[in-house]
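To keep things clear, I will list the structure first and then write my remarks on it.
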Amino acid sequence: MPSTAAAAGTRGVIRQVIGPVVDVEFPSGKLPSIYDALRIEGRNPAGQDVAVTCEVQQLLGDRKVRAVAMSGTDGLVRNMDVIDTG
């Protein structure tokens, strides 16, 4: 598992959103650590501004992590960019 310092700032992509649970894919070897904060900011295809912070809860393998959103996930869609803030 990489150190938080090595993974912080790494960009990932949303692969699945189910309620407050968000699955995110990162580049090989750049998985965030458990409890790292992930930040999702941007505009979805419907034109809504989105800003959500998530916390990594599980390493799924195959370059993916499962995180839980700290606020509503309305407006999150697959392929939105995610930043590991450490």
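Name the one entry in ARG63, ARG15, ARG39, ARG11 that is on the phi > 0 side of the Ramachandran plot and modelled with pLDDT of 95 or more.
ARG63
What's the total number of residues in segment 25-41 that are touching a Ser or Thr at 6+ places or on another chain (Cβ under 8 Å) and of a type in the set (Val, Ile, Thr)?
Residues that pass the stated criteria total 1.
Which of the residues that make up segment 58-77 are of a type in the set (S, T, N, Q), free of Cβ contacts under 8 Å to residues at least 40 places away in the same chain and closer than 12 Å to PRO20 by Cα?
SER71
Which one is farthest from ILE18 (Cα to Cα) among residues in segment 32-57 that are of a type in the set (Gly, Ala, Ser) and under 12 Å from the mean Cα position of the chain (by Cα)?
Among those residues, the one meeting the criterion is SER33.
Please work out if THR53 is among the hydroxyl-bearing types (Ser, Thr, Tyr) and touching a Phe, Trp or Tyr at 6+ places or on another chain (Cβ under 8 Å).
No.
Using the structure shown, decide if ASP36 is in contact with a Lys or Arg (Cβ under 9 Å, 6 or more places away or on another chain) and acidic (Asp, Glu).
no
The values are calculated or read from the model by the stated rules, or taken from the named source; none is laboratory data. Keep in mind it's a predicted model, so treat the numbers as computed, not measured. All Cβ positions, even for glycine, are placed from backbone atoms using ideal geometry, and neighbour counts span all protein chains on display.
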